[in-house]
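To start, the structure itself, in structure tokens.
The values are calculated or read from the model by the stated rules, or taken from the named source; none is laboratory data. Fair warning: this is a prediction, and the values are worked out from it, not measured in the lab. Neighbour counts run over all protein chains shown; Cβ positions are idealised from the backbone, glycine included. SASA here: full protein model, heavy atoms, side chains in, ligands and nucleic acids out. Shrake-Rupley method; radii C 1.70, N 1.55, O 1.52, S 1.80 Å.
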Amino acid sequence: MISVQNLNHSFKIGKKGKEKRVPVLKGLTFDVAEGEIVSIVGKSGSGKSTLLHIMAGFLTPESGEIRVQGIQTSAFNEVESAKFRLDHFGFVFQNFQLMPGLTAFENVELPLTLKGINKSERQKKVKDLMQSVGLTDVQDHYPNELSGGQQQRVSIARALITDPPIIFADEPTGSLDSETEQDVLLLIQSLNKTRGITFVIITHDDEVAQTANRVYRMHDGVLTEGGAQHAI
Ligand SMILES: Nc1ncnc2c1ncn2[C@@H]1O[C@H](COP(=O)(O)OP(=O)(O)OP(=O)(O)O)[C@@H](O)[C@H]1O
Ligand SMILES: [Mg+2]
């Protein structure tokens, strides 16, 4: 599903004229198979979010190659990346990133509007999905009228609404208590089973890592397989 070959990235830091480049990703090569839940663990600042931003095409890597379903996405320009993202990826973040001025229903509907889907088709799709993830009762609530767990369910529904083959999640349970975290993890596992969606989940949390089929650990700019029990 995703293939990463010899990926390198560094950031320029420091004052103008005195910049230096700090390497963050050093020659990563790994794959994510179709239908897998993969988690990436590693300590703060180790480069996990940077890797996710590169895989999703928000950031161009210094060198290396990324293929998604065989397509070389690392060669895309910004417009091509944005279009590819809309068709292939969903995103879930720690702080939900819902639009405060839109209801739960409207937040989930938004990606379909961006794709130019007509209103009646949008409304039907959103209604069905809200029902299947248990959000019908709160669909007219604004984000500030929802619990953290409900907000994360809405953001997962928003990630799903365009039927992407891959969902990237950066600390999806980082803001939730352990009971709500369980609830969200069960939802992710069930979506993985019933819809075959591939998940790439960044986490500090052992419990989250243990739900994955495969765990990669980021350390010193390289990624190694295994290490769930050492998640930070
Ligand atoms: N835009 C940027 N410019 C300069 N340095 C950056 C930039 N983004 C990230 N970095 C640096 O790259 C390194 C990796 O950051 P990244 O956000 O990928 O870490 P992370 O593993 O996601 O950490 P956390 O678990 O705290 O979210 C850090 O040292 C960070 O300071
Ligand atoms: Mg991060």
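Odds and ends about this structure:
- Ranking 191, 97, 156 by Cα position along the charge dipole of the stretch 2-230, where only Lys, Arg, Asp and Glu carry charges on their C-beta atoms, puts 97 farthest toward the positive end.
- Basic side chains Lys and Arg get +1 at the Cβ, acidic Asp and Glu get -1 at the Cβ, and with that the dipole of the stretch 95-232 about its Cα centre reaches some 760 debye.
- In this simple spin-label approximation, residue 60 and residue 18 carry label points 7 Å from Cα along the Cα→Cβ vector, and these lie 3.0 nm apart.
- Rolling a 1.4 angstrom probe over the protein heavy atoms with all chains in place gives the stretch 2-230 an accessible area of 49 Å² per residue.
- Convex hull of Cα atoms in the chain, direction-averaged projection (nm²): 13.4 nm²
- Using C-alpha pairs below 8 Å separated by at least 6 residues, the relative contact order for the stretch 131-232 is 22 percent.
- Taken about its Cα centre, the chain carries a charge dipole of roughly 920 debye when the Cβ of each Lys and Arg holds +1 and the Cβ of each Asp and Glu holds -1.
- In this calculation the C-beta distance from residue 220 to residue 3 is compared with R0 = 30 Å, giving a FRET efficiency of 0.85.
- Helix 104-114 and the longest principal axis of the Cα set of the chain meet at an angle near 60°.
- Averaging Cα coordinates gives a centre for the stretch 134-165 and one for the stretch 1-23; these two points are 35 Å apart.
- Within-14-Å neighbourhood charge of residue 166 [Cβ basis; K, R +1; D, E -1]: -3
- Compactness of the stretch 1-85 is given as radius of gyration and Dmax, 13.8, 47 Å, from Cα positions.
- The stretch between residue 206 and residue 115, if pulled fully straight at 0.36 nm per residue, gains 29.1 nm over its current Cα-Cα span.
- Relative pair counts by distance (%), Cα atoms of the stretch 139-204, 5 Å bins: 4, 16, 28, 26, 17, 8, 1
- Close amide H pairs (under 5 Å, H built 1.01 Å from N) link residue 24 with 9, 10, 11, residues at least 5 positions away or on another chain.
- Figure note: 88, 141 ranked by solvent-accessible area, largest first, 1.4 Å probe, ligands and nucleic acids not counted: 141, 88.
- Between residue 40 and 201, 202, 203, 216, the built amide H atoms are under 5 Å apart, and every one of these is 5 or more places off in sequence or on another chain.
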